[in-house]
1. What does the charge add up to near Y70, with Lys and Arg as +1, Asp and Glu as -1, over the other residues with Cβ less than 13 Å from its Cβ?
2. Want the number for Y86 to E74: 0.36 nm per residue separation, take away the alpha-carbon distance, what's left?
3. Based on other C-beta atoms within 10 Å, arrange C45, C18, C36 from fewest to most.
4. Could you line up K42, K93 from fewest to most neighbouring Cβ atoms inside 10 Å?
5. Compute the FRET efficiency between C18 and R64 as 1/(1 + (r/R0)^6), taking r as their Cβ-Cβ distance and R0 = 35 Å, and round to the nearest 0.05.
6. Cut-off is 10 Å between beta-carbons; in what order do I27, I83 appear when sorted fewest neighbours first?
7. Does region 11-91 come out rounded, prolate or oblate by the C-alpha gyration tensor, with a ≥ b ≥ c the root eigenvalues, rounded set by a/c under 1.5 and, if not, prolate when a/b is larger than b/c and oblate if not?
Amino acid sequence: MTGMIDTTHPYFGGCPICHKHNGFLHIGRGDTWFVCDEHCTKYACGGELDGWRWMSEAEFEHNRKLLEAYTEVEPWVPTNEEIEGYWADQQSKQQEDGRPSSATPESPTDAELDAFLRACADRGKQE
């Protein structure tokens, strides 16, 4: 429904069923939701992910209507080991493809990840 590319990147958590998400939808300033189209789940994300500033109220309203079909859930939250495993897998794939391992972006620091996950959890509790 969102038309976004499926990702297994664990930084933003994921659907509690499949551990993936299809990206996010803005429905206002600082009001962002990640969605899993396959399982029709959504979870709130505090913070201001880029993009909302250039959206019109009509686009926000369109996204609000889309989200009505989704069930709000608590997101799957990866452990540090799962995040490290993700980056190790990415590095292996790049080496298999003949790309330098330096092409892999740095994984977030524990502090950055903890701050983000706290913001998401706090946001979920407010609603």
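1. Summing Lys and Arg as +1 and Asp and Glu as -1 gives -1.
2. Values: separation 12, 0.36 × 12 = 4.32 nm, distance 2.12 nm.
Gain on stretching Y86 to E74: 2.2 nm.
3. Numbers: C45 22, C18 14, C36 26.
In order of increasing Cβ crowding within 10 Å: C18, C45, C36.
4. The fewest-first ordering by Cβ neighbours comes to K93, K42.
5. On the way: r = 24 Å, r/R0 = 0.69.
According to the calculation, E is roughly 0.90.
6. Exposure proxy ranking, most exposed first: I83, I27.
7. Taking the square roots of the gyration eigenvalues as a ≥ b ≥ c, region 11-91 is prolate.
Any read-out appearing in this document is the output of simple, stated calculations on the displayed coordinates, not a laboratory observation. Owing to the predicted nature of the structure, the values given are computational and were not obtained by experimental measurement. Don't worry about glycine lacking a Cβ; one is built from the backbone with ideal geometry, like all the others, and counts go over all protein chains shown.
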